[in-house]
Structure formats: C-alpha cells, structure tokens
Amino acid sequence: MPTNRITYYSATLLCAALLTFMGCAPKKAPPISMDLAQESIIPIPVSIKATNSSFELTDASEIYVQTGSEELLKIGQFLADKLNPSTGFDFTVKASTAIPDDGNIYLSLKKDAALGDEGYTLSITPELVHLEANAPAGLFRGVQTIRQLLPAKIEMSSKQEGPWRMASGTINDVPVYAFRGAMFDVARHFFSVEDTKRYIDLIAAYKMNVMHLHLSDDQGWRIEIKSWPKLAEHGGKTQVGGGKGGYYTQEQYKDIVQYALDRYITIIPEIDMPGHTNAALAAYPELNCDGKARELYTGTEVGFSTLCTQNEITYKFIDDVMRELAAMTPGPYIHIGGDESHVTKKEDYIPFVNRVQNIVLKHGKQVIGWDEIALGTLKKGAFVQHWADVDNAVNAVKQGSKVLMSPARKAYMDMQYDSTTKWGLHWAAYIEVDSAYIWDPATLAPGVTQKDVLGIEAPLWSETVDQIDEVEYMVFPRLPGYAEIGWSAASARNWGEYKKRLGAHGPRFTAMGINYYPSKLVEWKEEKNQKN
Ligand code: TNX
C-alpha cells in the first residue's frame, strides 16, 4: 500500500476515534451566497427579506413537525413525497417539540392572528428551514413556497442531480382574498377522477383553495344521486360530440373531496338550474312541463332547457339532490347555477331561485349562483358569481351579498389566447397571458369594492376540450396569474415584473409535466444549474 494511502487511512481512523469530542466529521461545503429577493415566487409574497446566504438540503436532512398533531404529520409527509423522488433522498417525517438540529426542515404552529388561516412565515438560514403558521392550512401554503425556492427539477418524478439549495432570508405572507379558485366543467366533457386530481394538484401548487365542479349541464349529469339513479345512469351517458360520457359514483366524489381537503382545497359542487338541465330532463320525463323526456344532447348550444318550475315534483327532485350532495360535501357551499335560463320566464325564474336557496339553506349549506340569481331575493350569506352582467353584481352588493369575481373577458380559461389557439372559444374575448393578469377584482365593477369581493375564480368550460393535456394548455400559464390576483395585493402586482417571474416558472411547468401554452409575451427560462 503506498505511503500516502496509509497516511489517509490513519487520518481517517484517528478522525473516527476523535469524532465524539473533536467534531471532525466531514464538513459540508460552506453556504453560498444566494438572493432570496431575486427568487420567482408566484403568488408574490407580502414581504421578502434576503440575507444573502443559503440552506442546502442533503441526504442527512429530515422533515420535523411540531409534536402532537396528525394533521401536521400529514403536511410534512406531503412535502416529503414531493422531495423524495427528485432528490433521491429518503425524507421521513418526525415529530419534535424543539427546533431540530442543523440541516433540517421544521414545520410548527404559532399564535399569530395576523396570519389568519392561510398565512405563514418562512425563515431560512444556512442551518434550518423553519416554516410557521397560525393554522395548518398556512403551513400547507408555505410548503408550496418551499417547493418554489428549490430548483425546478425538484418537481420531477425521477432522481435528479443536486445540489438542492434555497436562498436564505425571511418571508411573511398572507392572502388578500379568502376565496381563490378554479372551476372544472366535467359536464360538457366528462373527466376521470385522476384528471380532476391532477387539476387539483396544479391549483394547489399556486396556493388556490377552491375547486368548483360543474357537475351537471345539458350534455351530461356527472354525479350519482341514489334517490334519482337515472340522472347519472341515463343523463351521464354521453357528452359533447357524442362520446361515452360518464359520472362519478358517490364513493369517487368523496375520494375527490378528500383529496382536495388534504390540500386545503374546498370542493364546491354545482347543479346548474333551472336552465342547463337537458340531461336531467332526458333522465326523468316528470321534470318537464309536458311530461315528455327530452333526447340526450351532444351539441354546444346554450339556453334551450328548463326544469318545470310550476311542478311540485321539481322541488322534491331538488330537495333530494341537495340532501345527497350536502351529505357528501364538507365544504360550506353549494352552487345552484342559475345562468342563461333563456327559456324560463322571468316571473317563474325569480320564485324558483328564491325557493331553491331555501332548500340549500335547509341542508345546512350556503348558496352560490351565477350573477343572474341577483335578479331574485338573495338570502343571507348567498354569494353571487359575476361572469357577465355588471348590473347583477352591483345588485347583489346592494342586497348585502358578496361577489365572486369571474369576469368572462378576463378570467375564462376556455377563452382562446389568440385566433391561432387550437382549443377554446372567443365569444367573450381572446385572453392572452397579460390580459388575464392585468385586472383588479376590486375595481372591475363600479360600486363593487374590495370589501364586497369574496375572491376570484377562473372557470374552465369544456365544450372544446376532452383531454387533460388540452385542459392544461388552456389553464397554463394563465392560472398562476389568477392565483396571484387572489393572493397578492393589487399594489404589489405589475405585469412587467410578473412576466419575468412567470418565465422562470417555465422549467417548473416542464418538470411537472404540464402541457402549457408558451406565450410569446413571456421569455421562458431554461433551468439553470445552481453553481457549486
Ligand atoms: C357561458 S358562464 C356559460 C357556459 C358556457 C361558457 C362557455 C356561464 C355561467 N355560462 O354555459 O360553457 O359560456 O364559455
């Protein structure tokens, strides 16, 4: 054995012997300088204080959560499940009452009312990543920030080369609006449980907290109702274009609800009425005023169907549907639709909406409806979703209701980006990524101010899309902008600055396998390897 190797082995042995009291364990590379203020976080946080150093995750790192909470262990596990495949490390989640040793991540709760349910503070030093919140949901939102501070390839599902560094400093963050959502129309085309979970994962990454499911329309009824089985069995048989359609069993729906809940996302189920009901009218003849079942419909016209508002059986039907829906929906809201009821007489529409609100309330849920429901008498706690008519939004506020902002010309993700977009419609507008971003829910409608706004929702109608990668193309890259409009103060939002952050998310979208529209308005970044 050559002398230099003998020397090396003796040194190693000596070192091992002295390890306990001299601490000559192999040293980690010293932290490198990184600027937290230059990181591209979407939605932009309230405040970022950079300390120009870094934390490095290694295979010795662990995730610790404050002792005593199953819920915190679950949030820690969510983070571990995100980090394990790409790092190839084996993060396990452990409980600890004290701040753990150097090199680890710690999630804990603190009493801080200013953080509300969803705010968090994230402190990163070369020694520790410490995420704190007033409530578990805040920790979950903060975990999304941790993901964004790591290299984009952290999102890959196969092992990648490190290093896995995060810039050091402190982030304080809290959302402006309590409701930040997206909608999925699974009625025009049916989408599987897996597709819906995928969409939920994508909105969760941008700190949205609501997924509104449009579960019924002229072309299909997509939720099993045990007391009216033909709704799904017959009414769910087809879809736009005549494909095979489908529906969620109650077990599958509950599975989606739980999946969303695990991501601190509320599911809002919508049963659209009295219009947009052809599928139900095809399943049960007694819901039609003439007592005759309608044919299933596979086209894309709107406004031709109506429940028979005069018949008592209609209200029995609604009561049964709402009872079953309420029983499997832990969230506070049920959406009653109410849009485009062009063949329902106004004198029938208004009493109908008033009566349906009472049914929803009776089953312990709050009402949401499209803006036309403001033509009726809104019950206490009802929310109006503005999509088309500003007068309806103003009328809702006059009645004491809050408005959910989904203006079609800004927030409809089924609108094409421009005339060359393969999928989508353009009846409201072409919505490029800048136009989707540049608007403020608090100034959109004169007379509707920030205190009147519940939040923002971006709907994805599915007349023209039937595959999840097509959905992704319409949703990305507009959705991160909607998430930011809902989370960040208007004064902190600026397209020129935002588009740089968005461009830096290109590699993240790629790593997540998102089929996104590479808008020419944005300079899409390549993933840069962090320097050693
Ligand atoms: C209008 S928005 C509708 C939907 C269509 C959508 C297509 C609303 C409440 N009604 O039925 O799917 O336009 O963009």
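On C-alpha positions alone, give me the angle between the axis of helix 250-261 and the longest principal axis of the chain, in degrees, nearest 10. With both axes taken from Cα atoms, the answer is about 50 degrees.
Only Lys, Arg, Asp and Glu carry charge here, each on its Cβ (+1 for the first two, -1 for the last two); on that basis the chain has a dipole of about 1040 debye about its Cα centre. Each Lys and Arg Cβ is given +1 and each Asp and Glu Cβ -1; about its Cα centre, the stretch 407-532 then shows a dipole of about 560 debye. In the structure shown, the pairs Lys153/Lys500; Lys111/Lys402; Lys110/Lys207; Lys153/Lys197 are assessed against 25 Å; a Cα-Cα span above that value is assigned to Lys111/Lys402. Quick check: the angle from helix 3-22's long axis to the longest principal axis of the chain, C-alpha only, nearest 10 degrees? Between the helix axis and the principal axis of the chain, the angle is about 70 degrees. Take the Cα of Asp35, step 7 Å toward its Cβ, do the same at Asp320, and the gap between the two points is 6.5 nm. Between the C-alpha center of the stretch 472-531 and that of the stretch 171-234 there is a gap of 23 Å. For the stretch 29-106, the spread of Cα coordinates along the three principal axes comes to 34, 32, 27 Å, biggest extent given first. Ranking Trp164, Ala489, Leu296 by Cα position along the charge dipole of the chain, where only Lys, Arg, Asp and Glu carry charges on their C-beta atoms, puts Trp164 farthest toward the positive end.
Each Cα pair under 8 Å and six or more residues apart adds its sequence gap; the mean of these over the residue count of the stretch 28-103 is a relative contact order of 31 percent.
Annotation: the residues Val356, Val46, Val93, Val210, sorted from fewest to most other C-beta atoms within 10 Å of their own C-beta, follow the order Val46, Val93, Val210, Val356. Based on alpha-carbon atoms, the Kirkwood radius and the radius of gyration of the chain give Rg/Rh equal to 1.05. In this simple spin-label approximation, Asn84 and Asp434 carry label points 7 Å from Cα along the Cα→Cβ vector, and these lie 4.5 nm apart.
Note on Ser157 and Glu347: their simple-model spin labels are 5.9 nm apart, each label 7 Å out from Cα toward Cβ. Put simply, the Cα atoms of the stretch 36-173 extend 40, 34, 25 Å along their principal axes, the longest span coming first. Charge tally around Thr92: other residues with Cβ under 13 Å, Lys/Arg +1 each, Asp/Glu -1 each, net -3. Take the Kirkwood radius over Cα pairs of the stretch 134-174, plug it into Stokes-Einstein at 10 °C and 1.306 mPa s, and you get 135 µm²/s for translational diffusion. Among the trypsin sites (Lys or Arg not before Pro) found in the stretch 322-357, those both in a DSSP coil and sparsely packed, with 14 or fewer other Cβ atoms within 10 Å of their Cβ, are Lys345. When you restrict to C-alpha pairs under 8 Å that are six or more residues apart and normalise by the size of the stretch 130-224, the relative contact order lands at 27 percent. Net length available on complete extension from Ser419 to Glu301 is 40.4 nm, with 0.36 nm assigned per residue and the Cα-Cα distance removed.
DSSP beta bridges confined to the chain are antiparallel in about 30 percent of cases. Ranking Gly376, Gln310, Val448 by how far each Cα lies toward the positive end of the dipole of the chain (charges on Cβ) leaves Val448 at the top.
Pairs spanning more than 23 Å between alpha-carbon atoms, out of Lys226/Lys365; Lys82/Lys244; Lys380/Lys451; Lys230/Lys346; Lys316/Lys362; Lys230/Lys365: Lys82/Lys244; Lys230/Lys346; Lys230/Lys365. Among the GluC sites (Glu not before Pro) in the stretch 265-374, those placed in a DSSP loop whose Cβ has at most 12 other Cβ atoms within 10 Å are Glu295, Glu301.
Computed from Cα atoms, the angle from the helix 136-149 axis to the main principal axis of the chain rounds to 60 degrees.
Taking every DSSP bridge with both residues inside the stretch 36-173, close to 60 percent are antiparallel. The mean of 1/r over all pairs of different alpha-carbon atoms in the stretch 385-532, once inverted, gives a Kirkwood hydrodynamic radius of 16.3 Å.
Here, each number is a calculation from the coordinates, and none is a lab measurement. None of these values were measured; they are calculated from a predicted model. So basically every Cβ, Gly included, is an ideal-geometry build from the backbone, and we count neighbours across all protein chains shown.
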